[in-house]
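A.B. asks: Sharing a structure with you now.
Derivation of every value follows stated rules applied to the coordinates shown; laboratory data play no part. Since the model is a prediction, treat every value here as computed from it, not as a measurement. Glycine gets a Cβ as well: all are built from the backbone with ideal geometry, and neighbour counts include every protein chain shown.
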Ligand SMILES: Nc1ncnc2c1ncn2[C@@H]1O[C@H](COP(=O)(O)OP(=O)(O)OP(=O)(O)O)[C@@H](O)[C@H]1O
Ligand SMILES: [Mg+2]
């Protein structure tokens with residue numbers, strides 16, 4: 001059945017009907033192409049948004065402040081709401097019961113020097129718990145200790161970009177660097193996914209407050225919600241939000257001055273969005289597949305009809321029904337398989353060609369889901385085989401003379 | 001070689017059935033050249049198709065080479081068509097997208113003859129038909145007579161015992177008809193049984209034996225020159 005002779009026969013009939021071959025190819029190839037591109041874009045969107053989340057723990061609440069936009073209790077708008085150590089202390093001790101927390105303060109574009117090398121990196125002041133709130137996989141040395149906080153030690157943990165750019169061959173652990181002109185000792189380094197997360201230099205928050213601007217200011221606060229469910233984390237958000245608004249006299253409707261973001265809730269929201277996108281892709285993909293399958297079925301039905309007399313002739317020349325059936329079915333399979341593969345290749349090529357131009361905050365790595373695509377291709381090939389088989393079976397079942405007389 | 005006993009066949013028709021063969025008794029020996037004549041609608045093609053296992057029959061018996069053909073499976077019928085029978089049609093029935101050579105070689109494909117061998121034998125057969133210079137032509141690039149030569153070459157390629165031809169000259173002019181009949185006579189001379197359906201008297205005259213059908217029964221059967229007498233039982237006037 002699958003010998004060389006059959007293939008030569010098939011190659012013959014396929015090339016003998018270029019229009020039909022092109023039509024089948026188009027309906028299958030286009031179907032797979034659209035599916036691949038849709039899947040790719042969907043994944044690109046998902047990847048983009050997930051990347052935007054970075055490696056923040058899912059069960060964390062981020063507290064940020066800004067300028068007021070509404071007057072409240074006799075206070076003018078456009079006042080900057082600054083969190084301080086006392087806020088953090090009060091919130092973590094009296095307002096909520098968070099298993100882990102950290103204040104956070106950031107100094108962008110700080111000059112970091114090592115020997116003769118120097119570069120600009122963000123310095124981030126955090127507390128030891130911070131590594132529970134954001135994923136910072138250590139590659140060497142240690143993370144910041146409570147001891148470092150208490151003693152306001154001049155130690156830092158650096159991202160892997162600094163290893164490449166400053167330390168080069170040298171061992172970073174134990175090396176001394178200057179942060180804004182002040183000497184710190186490197187105690188650890190980490191490597192995380194993503195682009196710029198690896199340029200960070202982490203120092204104890206207390207050290208930063210003391211050494212760089214001698215204040216008790218905290219820019220952000222990150223609180224862990226532990227294993228609270230969405231309900232619980234919402235309550236926590238409300239408590240923190242309410243406390244800060246009261247303490248700093250911020251209007252309850254002022255959305256800029258106090259911003260408490262619940263990662264868990266946002267994750268849940270994006271999860272819903274992705275489910276929606278996936279469903280959408282499935283529906284579109286399903287219809288594309290259906291259209292492709294119907295296209296193939298139509299074309300095969302016409303083809304077999306057109307070839308009814310030929311089937312009669314072949315039978316008169318001694319062909320068995322089986323040989324005619326397998327000819328048509330293998331032909332249908334070969335046609336759909338080749339066109340589907342072409343659609344897949346062009347789809348992947350298109351995604352790869354477009355990807356570099358489509359990098360965006362909410363779009364990254366539009367990868368192809370091979371499993372889905374191959375399944376789709378298999379579905380179309382089976383559809384092709386069936387849509388060749390059914391009319392062919394009808395055609396070979398009739399007596400040869402009826403096929404010969406067919407008009 | 002071929003023996004029909006009381007063959008009856010009718011076509012189903014809206015509200016009944018149309019009897020077409022009404023008890024045909026016929027024996028054809030190996031090496032005969034037989035013409036089947038009769039007026040239009042008398043059942044000539046139907047009879048030939050039954051003989052060629054392209055169509056079935058309702059009752060009666062058919063022995064081909066001593067084997068009963070009644071209740072033959074589809075696969076067995078295909079084998080007999082492949083090994084015993086060769087067909088020549090009025091409308092040639094060449095496969096349009098295959099060249100002359102490929103058309104001639106096709107029956108060998110169904111006998112599982114290797115490709116090289118197929119090509120070689122097909123080329124030889126085309127040569128015998130004087131068509132070797134047209135081997136790579138598509139049917140659409142051939143004249144009617146040339147197409148029929150290719151079709152005859154295709155019917156002969158498997159060295160069948162019987163050639164069945166339904167009005168092989170029906171679509172050809174008289175000169176070409178004569179040439180095609182010449183070829184068929186040569187085929188017959190090599191020992192192959194040839195059965196030709198025709199309604200042209202001069203074609204029948206080139207056969208050895210003529211059978212005349214009328215309304216589904218054989219009304220005359222004898223040496224060619226004798227049966228086609230214009231006055232023979234008034235059959236001519238019904239043509
Ligand atoms: N498939 C069919 N269904 C119904 N009736 C048919 C069918 N084929 C043939 N007939 C009828 O059977 C009768 C014999 O047909 P057949 O083709 O054998 O005639 P014929 O002798 O070959 O005629 P012609 O010389 O015109 O070719 C005709 O009356 C025809 O109408
Ligand atoms: Mg006829």
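A.B. asks: For the range B:21-109, restrict the atom set to alpha-carbon positions and state the Rg and Dmax in Å.
C.D. replies: 14.9, 42
A.B. asks: Could you work out the mean count of beta carbons from other protein chains within 10 Å of each residue's beta carbon in B:43-55?
C.D. replies: Taking all residues of B:43-55 together, the mean is 3.
A.B. asks: In nanometres, what is the gap between the two model label sites at residue B:11 and residue A:253, each 7 Å from Cα along Cα-to-Cβ?
C.D. replies: Between residue B:11 and residue A:253, the simple spin-label model gives 8.8 nm.
A.B. asks: Ok, one more. On a 0 to 90 degree scale, rounded to 10, what angle separates helix A:18-53 from the longest Cα axis of chain A?
C.D. replies: Helix A:18-53 and the main axis of chain A meet at about 10 degrees.
A.B. asks: Between residue A:279 and residue A:8, take the C-beta separation as r, use R0 = 45 Å, and let me know the FRET efficiency to the nearest 0.05.
C.D. replies: Once rounded, the FRET efficiency stands at 0.45.
A.B. asks: So, one more: Hey, could you get me the Stokes-Einstein D for the range A:215-308, Kirkwood radius over alpha-carbon pairs, 10 °C and 1.306 mPa s, rounded to whole µm² s⁻¹?
C.D. replies: After rounding, the answer is 87 µm²/s.
A.B. asks: Take the alpha carbon atoms of the range A:172-232, find their center, do the same for the range B:1-40, and report the distance between the two centers in whole angstrom.
C.D. replies: 102
A.B. asks: Would you mind giving the average projected area, over all directions, of the Cα convex hull of the range B:136-188 in nm² with one decimal?
C.D. replies: The directionally averaged projection comes out at 3.9 nm².
A.B. asks: Any chance you could give the angle, 0 to 90 degrees and rounded to 10, that helix B:144-156 forms with the longest Cα principal axis of chain B?
C.D. replies: 90
A.B. asks: Quick check: from the Cα gyration tensor, does chain A come out rounded (a/c under 1.5), prolate or oblate?
C.D. replies: Prolate, because a/c is 1.5 or more and a/b exceeds b/c.
A.B. asks: Further question on the same structure: Take every residue in peptide A:303-316, count the Cβ atoms of other chains within 10 Å of its Cβ, and give the average of those counts.
C.D. replies: Across A:303-316, the average partner-chain Cβ count within 10 Å equals 4.
A.B. asks: Here's another thing I want to ask about it. Could you tell me what a quarter of the Cα convex hull surface of the range A:302-376 works out to, in nm² with one decimal place?
C.D. replies: 7.1
A.B. asks: Next question. Using a 10 Å cut-off around each Cβ, can you sort A:111, A:6 from fewest to most neighbouring Cβ atoms?
C.D. replies: A:111, A:6
A.B. asks: Separation of the range B:65-108 and the range A:241-287 by C-alpha centroid, Å?
C.D. replies: Cα centroid of the range B:65-108 versus Cα centroid of the range A:241-287: 74 Å apart.
A.B. asks: What's the angle, to the nearest 10 degrees (0 to 90), between helix A:370-397's Cα axis and the longest principal axis of chain A?
C.D. replies: 10
A.B. asks: Would you please give the FRET efficiency between residue B:226 and residue A:342, computed as 1/(1 + (r/R0)^6) with r the Cβ-Cβ distance and R0 = 51 Å, to the nearest 0.05?
C.D. replies: The value I calculate is 0.15.
A.B. asks: Could you work out the relative contact order of chain A? I mean the mean sequence separation of Cα pairs under 8 Å and 6+ apart, divided by the number of residues, in percent.
C.D. replies: Normalised by residue count, the contact order of chain A is 29 percent.
A.B. asks: Peptides B:186-195, A:290-299, A:176-185: what's the order by average Cβ count within 10 Å, highest mean first?
C.D. replies: In descending order of packing, they fall as A:290-299, B:186-195, A:176-185.
A.B. asks: To the nearest Å, what is the center-to-center distance of the range B:166-180 and the range A:316-358, using C-alpha atoms only?
C.D. replies: Result: 44 Å between the Cα centres.
A.B. asks: Based on the Cβ-Cβ distance from residue A:80 to residue A:357, what FRET efficiency comes out when R0 is 30 Å, to the nearest 0.05?
C.D. replies: 0.15
A.B. asks: In 10 Å bins starting at zero, report the fraction of Cα pairs in the range A:44-157 per bin as a rounded %.
C.D. replies: P(r) for the range A:44-157, in whole percents per bin: 10, 29, 35, 20, 5, 0.
A.B. asks: By how many nm would the segment from residue A:227 to residue A:268 lengthen if fully extended, with 0.36 nm per residue of separation less the alpha-carbon distance?
C.D. replies: 13.3 nm is the gain from fully extending residue A:227 to residue A:268.
A.B. asks: In chain B, if every C-alpha pair distance is counted and binned at 10 Å from zero, what percent goes to each bin?
C.D. replies: For chain B, the binned pair fractions read 8, 32, 35, 20, 5, 0 percent.
A.B. asks: While we're here: Peptide A:318-325: average number of partner chain Cβ atoms within 10 Å per residue?
C.D. replies: What the average comes to for A:318-325 is 6.
A.B. asks: Now for a different question. Extending each Cα 7 Å along its Cβ direction at residue A:120 and residue B:190, get the distance between those two points in nm, one decimal.
C.D. replies: Modelled inter-label distance: 9.4 nm.
A.B. asks: Turning to a different aspect of this structure: With a ≥ b ≥ c the root eigenvalues of the C-alpha gyration tensor of the range A:139-178, is it rounded (a/c under 1.5), prolate (a/b larger than b/c) or oblate?
C.D. replies: prolate
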